[in-house]
Ligand code: FES
């Protein structure tokens, strides 16, 4: 088993809030992600057993959301929006800058395992473009100077 007792208990508690088990799939996935840091087929199997729905329904729900990485990632998962508003305000250049600063390409993790960089579809913060999400936090109206500060702060915390 990958999921620990605490996660299983949390999932069961969340299930009790819904009339149908299937409705608990995203809360269950979130619990698993918070424990493990990413998702995989074994975790989908465990969730499907706990909430008693088909494996494929767990896998389908998980695969829809980029906020749930499907393989191990660094301590900080940087998701840069590359959709239209952010693209018009420099998302490509921002991604290039992050690649240069971190010494990695999109989809890669730094050798110290601190940062993983990906680009994603709209994160719903279009009026604050360009923007990125790092773990649970939004960073908006980005400039290169802001990116420098954010990365420095996160490196210190790591
Ligand atoms: S287009 Fe980037 S947040 Fe919507």
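The values are calculated or read from the model by the stated rules, or taken from the named source; none is laboratory data. Note that this is a predicted model, so its numbers are computed, not measured. Glycine gets a Cβ as well: all are built from the backbone with ideal geometry, and neighbour counts include every protein chain shown.
Tabulated results
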{"read-out": "Count of residues meeting criterion [surrounded by 14 or more Cβ atoms within 10 Å (Cβ to Cβ), farther than 18 Å from residue 38 by Cα and under 14 Å from the mean Cα position of the chain (by Cα)] in region 104-126", "value": "2"}
{"read-out": "Qualifying residue in region 63-85 (condition: part of a helix (DSSP H, G or I) and away from the ligand (no atom under 16 Å from the Cβ))", "value": "yes"}
{"read-out": "Pair list, Cβ under 6 Å, 6 or more apart: region 84-106 residue on the phi > 0 side of the Ramachandran plot, other residue at pLDDT 95 or above and within 16 Å of the ligand (Cβ to nearest atom)", "value": "90/130"}
{"read-out": "In region 127-148, the residues that are out of contact with any helix residue (DSSP H, G or I) (no Cβ under 8 Å at 6 or more places or on another chain), in a loop (DSSP other than H, G, I, E, B) and crowded, with 17+ Cβ neighbours inside 10 Å", "value": "none"}
{"read-out": "Only listed residue being under 16 Å from the mean Cα position of the chain (by Cα) and modelled with pLDDT of 95 or more, chosen from 50, 8, 29", "value": "29"}
{"read-out": "Residue under evaluation residue 98, criteria (1) touching a strand residue (DSSP E or B) at 6+ places or on another chain (Cβ under 7 Å); (2) within 19 Å of residue 158 (Cα to Cα); (3) outside any helix (DSSP H, G or I); (4) within 16 Å of the ligand (Cβ to nearest atom), criterion not met", "value": "(3)"}
